[in-house]
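**Student:** Below you will find the structure I want to go over with you.
Readers should treat all values here as calculations from the given coordinates under stated rules, not as data from a laboratory. What you see is a predicted model, and the numbers here were worked out from it, not measured in a lab. Neighbour counts are summed over all protein chains in view; Cβ atoms, including those assigned to glycine, are modelled from backbone coordinates with ideal geometry.
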Amino acid sequence: MKEGTDHDSAIRTAVREIMWDMRKNIALVTVEERGVDRFKKIFGPDETPAEQYRRENAEGMSWIAAFGNARGAPLRAAQRVSPGNPSAQHRLAQRFRRLLRENK
């Protein structure tokens, strides 16, 4: 990885924040939790794209079953699976509609 990239600066910032927490005499458990959260934000999720796809499908289909497979259920399920992200909601709703067609 090149020196000076955004990734490197994010890591440096996270380490500085952890050091700052240590200087402020915050409990070690709290410092560890904050540090892990900071690094998770930098390095991304633990699941692979395939796992994420399966999880979203399972979660979405369970929401559709809860909504009663009514009109608009795929979009409402997508809004529950990916709140606050209209682009992902549209993509997920299309995927859920396709899955419903295939499962008939």
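**Student:** Express the relative contact order of the range 49-102 as a whole percentage, based on alpha carbon pairs under 8 Å and six or more residues apart in sequence.
**Tutor:** 29
**Student:** Right, another one. What number, rounded to the nearest 500 deg cm²/dmol, is the helix-based mean residue ellipticity at 222 nm of the chain, given -39500 (n - 2.57) per DSSP H run of at least four residues and division by all its residues?
**Tutor:** My calculation for the chain gives -25000 deg cm²/dmol from helical runs alone.
**Student:** Just how large is the dipole of the chain about the Cα centre, in debye to the nearest 20, putting +1 at every Lys and Arg Cβ and -1 at every Asp and Glu Cβ?
**Tutor:** So the magnitude is around 640 debye.
**Student:** Separate question: From the phi of every residue in the range 19-28, what ³J(HN,Hα) in whole Hz does the Karplus formula 6.51 cos²θ - 1.76 cosθ + 1.60 yield, where θ is phi - 60° and glycine or proline is x?
**Tutor:** Values, residue by residue: 4, 5, 4, 5, 5, 7, 6, 6, 4, 4 Hz.
**Student:** Tell me, what is the percent relative contact order of the chain, built from C-alpha pairs under 8 Å that lie six or more residues apart?
**Tutor:** RCO, the chain: 16 percent.
**Student:** Could you name the aspartates and glutamates in cross-link range of K104, using Cα to Cα under 19 Å and dropping any fewer than eight places away on the same chain?
**Tutor:** Cα-Cα hits under 19 Å: E59.
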